[in-house]
Structure formats: structure tokens, C-alpha cells
Amino acid sequence: MRLINQSEVPVDRKKSPRGAFELARQHISLALGGVKDEGPWGGGHPFDVERVVLFPGKKNYPYHAHAAQTEYYIVLGGRGQAIDGAGKSNPIEAGDHFICLPGEAHQIVNDSDRDLEYLVIADHHRADVTVYPKTGKRNLKPEGRIVRVTDADYYEGEE
């Protein structure tokens with residue numbers, strides 16, 4: 001068994017270039033010996049756990065959906081909005097739990113004047129594609145590449 005106290009876990013602060021997205025997170029599962037973006041096949045855990053503080057007026061990440069990954073959220077403090085797969089804003093507050101299944105777009109927005117704190121638990125997959133519906137971008141995992149996809153014939157360039 002591995003045991004840590006949350007106070008021992010380093011804080012990783014992320015901010016987008018123009019500041020619309022800003023949060024501080026603690027990679028709890030990494031501090032417990034997990035391997036970033038690796039499940040048991042690569043020496044990691046079957047899931048990832050992060051504690052996140054989303055600052056007032058900020059969004060956590062661009063609106064997105066995962067092809068394979070499931071994310072489970074537990075709101076610990078504050079208030080905000082969880083944007084669902086239909087683009088609908090759902091008020092969230094301390095004590096709320098919600099889950100985003102594969103293919104369901106989502107985003108968290110802190111529209112309050114104080115920090116929004118939550119845990120996110122995500123399962124690991126060898127491969128995943130994150131889709132950004134507003135921009136048409138894709139993030140390919142495990143490659144870690146952001147791409148734009150164009151249509152092609154299935155056999156094009158194969159014969």
C-alpha cells in the first residue's frame with residue numbers, strides 16, 4: 001500500500017496564452033507511484049486521480065469529448081457550471097457528483113467569485129482520441145499530437 005497526504009503533492013498550475021483557461025491541479029495518482037497517461041500495461045494505475053482548483057471566471061479546458069475515457073467528478077467546494085454533451089449549462093456545487101462517458105462532450109466553468117474545487121477520476125486506455133467539437137481538432141493518444149482531420153477514401157494511397 002502507498003499512502004500520501006494531499007499536502008505533500010506538488011501543485012501544477014496551467015494557464016492558456018490568453019487566460020480563458022486557468023487551473024491548479026495536484027496529480028494524486030502520480031504522487032502514489034502512477035505513470036502519466038499509462039495504465040497497468042505501462043506500470044501505471046488503472047485510473048488517474050487529480051485534485052483541481054478552478055479559478056473564478058475561468059474554464060478548465062476547451063469543450064471536448066473522449067472516444068474511450070470516462071471521467072468521474074466530485075465537487076468539493078465552490079460553485080460553477082458543468083457544460084454537458086448537448087452544450088447545456090448545469091449548475092454544480094459542493095457535494096455534487098457527475099460522470100462524463102466516452103463520446104460525451106464536457107467542460108467546467110467557474111462563473112462564481114471564488115475557487116471551484118473538485119476531484120476528477122479518469123480511467124486509462126492504451127489509446128484515446130479527444131475531439132474538440134467547436135474547432136474540429138483531435139488530440140491523439142498516445143502520440144500526444146493535436147491534428148485536424150480531413151475526409152479521405154478508405155483505399156486512398158493503400159494500393
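No lab work stands behind these numbers, since they all come straight from the coordinates. Computed from a predicted structure; not experimentally measured. In this analysis, Cβ positions are derived from the backbone assuming ideal geometry, glycine residues included, and neighbour counts consider all displayed protein chains.
Within the stretch 8-61, how many residues turn out to be crowded, with 18+ Cβ neighbours inside 10 Å, assigned to a loop (DSSP other than H, G, I, E, B) and in contact with a Phe, Trp or Tyr (Cβ under 8 Å, 6 or more places away or on another chain)?
Looking only at that region, the number is 2.
Among what's in the stretch 62-89 and is among the polar types (S, T, N, Q) and in a strand (DSSP E or B), pick the residue that is farthest from the chain's Cα centre (by Cα). Spell out how you get there, then give the answer.
Just the residues of the stretch 62-89 that are among the polar types (S, T, N, Q), to begin with: 69-70, 81, 89.
Keeping just the survivors that are in a strand (DSSP E or B) gives 81, 89.
Numbers: Q81: 15, S89: 17 Å.
So, considering only residues that are among the polar types (S, T, N, Q) and in a strand (DSSP E or B), the one farthest from the chain's Cα centre (by Cα) is S89.
Hey, does the stretch 23-36 have a residue that's within 15 Å of H106 (Cα to Cα), among the hydrophobic types (A, V, I, L, M, F, W, C) and more than 12 Å from the chain's Cα centre (by Cα)? Can you show your working first?
Looking only at the stretch 23-36, we keep the residues that are within 15 Å of H106 (Cα to Cα), and these are none.
Scanning the stretch 23-36 turns up no residue that is within 15 Å of H106 (Cα to Cα), among the hydrophobic types (A, V, I, L, M, F, W, C) and more than 12 Å from the chain's Cα centre (by Cα).
State whether one or more residues within the stretch 73-83 are hydroxyl-bearing (S, T, Y) and under 17 Å from I99 (Cα atoms).
Kept after step one, since they are hydroxyl-bearing (S, T, Y), are these residues of the stretch 73-83: 73.
Within this subset, residues satisfying the condition of being under 17 Å from I99 (Cα atoms) are 73.
Yes: one or more hits.
Tell me which of these V120 doesn't satisfy, since it passes every other one: (1) β-branched (V, I, T); (2) in contact with an Asp or Glu (Cβ under 9 Å, 6 or more places away or on another chain); (3) more than 21 Å from V9 (Cα to Cα).
In the conditions (1) β-branched (V, I, T); (2) in contact with an Asp or Glu (Cβ under 9 Å, 6 or more places away or on another chain); (3) more than 21 Å from V9 (Cα to Cα), V120 misses (3) alone.
Would it be correct to say that D115 is acidic (D, E), in contact with a Pro (Cβ under 8 Å, 6 or more places away or on another chain), touching a residue at least 12 places away in the same chain (Cβ under 8 Å) and more than 26 Å from H45 (Cα to Cα)?
On the way: acidic (D, E): yes; in contact with a Pro (Cβ under 8 Å, 6 or more places away or on another chain): yes; touching a residue at least 12 places away in the same chain (Cβ under 8 Å): yes; more than 26 Å from H45 (Cα to Cα): yes.
In short, yes.
Mind checking which residues of the stretch 37-63 are in contact with a helix residue (DSSP H, G or I) (Cβ under 9 Å, 6 or more places away or on another chain) and under 20 Å from H106 (Cα atoms)? So that I can check it myself, show each step before the final result.
Of the residues in the stretch 37-63, the ones in contact with a helix residue (DSSP H, G or I) (Cβ under 9 Å, 6 or more places away or on another chain) are 44-51.
Listed by number, the residues that qualify are F47, D48, V49, E50, R51.
How about the stretch 128-159: which of its residues are of a type in the set (A, V, I, L, M, F, W, C) and within 15 Å of the chain's Cα centre (by Cα)? So that I can check it myself, show each step before the final result.
Initially, the stretch 128-159 is screened for residues of a type in the set (A, V, I, L, M, F, W, C), giving 129, 131, 140, 146-147, 149, 152.
If the condition is that a residue be of a type in the set (A, V, I, L, M, F, W, C) and within 15 Å of the chain's Cα centre (by Cα), then V129, V131, L140 are the ones that fit.
Restricting to the stretch 66-83, what's the tally of residues that are touching a Ser or Thr at 6+ places or on another chain (Cβ under 7 Å) and more than 22 Å from L30 (Cβ to Cβ)?
Of the residues in the stretch 66-83, the ones touching a Ser or Thr at 6+ places or on another chain (Cβ under 7 Å) are 66, 78-81, 83.
Imposing the further condition that a residue be more than 22 Å from L30 (Cβ to Cβ) reduces the set to 78-81, 83.
Final tally of qualifying residues: 5.
Hey, can you tell me all the residues within the stretch 84-126 that are surrounded by fewer than 15 Cβ atoms within 10 Å (Cβ to Cβ) and either among the polar types (S, T, N, Q) or within 23 Å of Q26 (Cα to Cα) (or both)?
Scanning the stretch 84-126 gives S89, N90, E93, A94, G95, H97, I99, L101, D111, D113, R114, R126.
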